[in-house]
Amino acid sequence: MEIRDRIVEHLCSKLESRSDIYAFWIEGSAPQGYADEFSDIDLWLSTDDDKIFTIYDDIERILSEVAPIDFKYIVKNKGELGQSVYHLEGISEFVTIDVNTQGISRDVYLVKGVDGAQILFDKENVVNFKER
């Protein structure tokens with residue numbers, strides 16, 4: 001199994017049963033079919049509004065079960081969206097994990113044919129697709 005798939009499947013298996021996580025999806029090159037050895041992993045989570053930024057402690061613990069985190073960069077730690085980027089020890093320097101979070105009260109509308117996304121789970125019908 002490719003490392004990208006292993007990371008995504010491990011996160012999915014740990015997050016899906018949680019009552020504070022409502023949806024988990026991947027965007028970017030992978031679901032659009034053009035991921036290559038230089039592509040990152042673009043992940044999105046819908047969580048309780050008060051956990052947009054605190055959920056990252058749990059994400060880091062889960063990622064560390066795959067391999068130690070050797071790089072972390074906090075992109076957004078206030079506002080409506082959270083974002084942190086990680087790299088795991090021992091994998092290609094180009095495979096970074098871009099984890100984005102948003103609260104359950106924020107609507108998610110992705111445009112069909114523009115926003116490629118693969119829904120990994122959506123317990124509350126959080127992710128909606130609209131026509132271009």
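From the phi of every residue in the stretch 104-110, what ³J(HN,Hα) in whole Hz does the Karplus formula 6.51 cos²θ - 1.76 cosθ + 1.60 yield, where θ is phi - 60° and glycine or proline is x?
Using θ = phi - 60°, the values come out as 4, 6, 8, 6, 10, 10, 10 Hz.
Report the accessible area of W44, computed with a 1.4 Å probe over the heavy atoms of all protein chains in place, in Å² rounded to the nearest 10.
Estimated to the nearest 10 Å², W44 gives 40 Å².
C12 to A67: FRET efficiency via 1/(1 + (r/R0)^6), r the Cβ-Cβ distance, R0 22 Å, to the nearest 0.05?
0.85
Quick check: the distance between the Cα centres of the stretch 67-106 and the stretch 50-66, to the nearest angstrom?
Rounded to whole Å, the Cα centres lie 9 Å apart.
Kindly write out, for the stretch 82-96 in residue order, the coupling ³J(HN,Hα) from the Karplus curve 6.51 cos²θ - 1.76 cosθ + 1.60 (θ = phi - 60°), rounded to whole Hz, with x marking Gly and Pro.
x, 7, 9, 10, 10, 9, 9, 4, x, 10, 3, 4, 8, 8, 9
Given a cut-off of under 8 Å on Cα pairs at least six residues apart, what relative contact order in percent is computed for the stretch 54-121?
Details: 69 pairs, mean separation 14.9, N = 68.
Here the relative contact order equals 22 percent.
Given a Förster distance of 41 Å, report the FRET efficiency between S29 and D50 from their Cβ-Cβ distance, rounded to the nearest 0.05.
0.80
Percent relative contact order of the chain, based on C-alpha pairs within less than 8 angstrom and at least six residues apart? Mind dumping the intermediate values first?
Values: 245 pairs, mean separation 41.2, N = 132.
Across the chain, relative contact order equals 31 percent.
HN-Hα J couplings of the stretch 115-127 from phi, Karplus 6.51/-1.76/1.60, θ = phi - 60°, integer Hz, Gly and Pro as x?
8, x, 8, 10, 7, 8, 7, 8, 7, 10, 6, 6, 8
Taking 25 Å as R0, compute the FRET efficiency from the Cβ-Cβ separation of I74 and E131 and round it to 0.05.
Details: r = 35 Å, r/R0 = 1.41.
Rounded to the nearest 0.05, the efficiency is 0.10.
K14: which lysines have alpha carbons under 26 Å from its alpha carbon, excluding same-chain residues fewer than 8 sequence positions away?
List returned: K51, K72, K76, K78, K123.
The values are calculated or read from the model by the stated rules, or taken from the named source; none is laboratory data. A quick note: this is a predicted structure, and the numbers were derived from the prediction, not measured. Counting neighbours? That spans all protein chains shown, and the Cβs are built from the backbone with ideal geometry, glycine included. When the accessible area is computed, the model is the full protein with side chains, heavy atoms only, and any ligands, DNA or RNA have been set aside. Shrake-Rupley method; radii C 1.70, N 1.55, O 1.52, S 1.80 Å.
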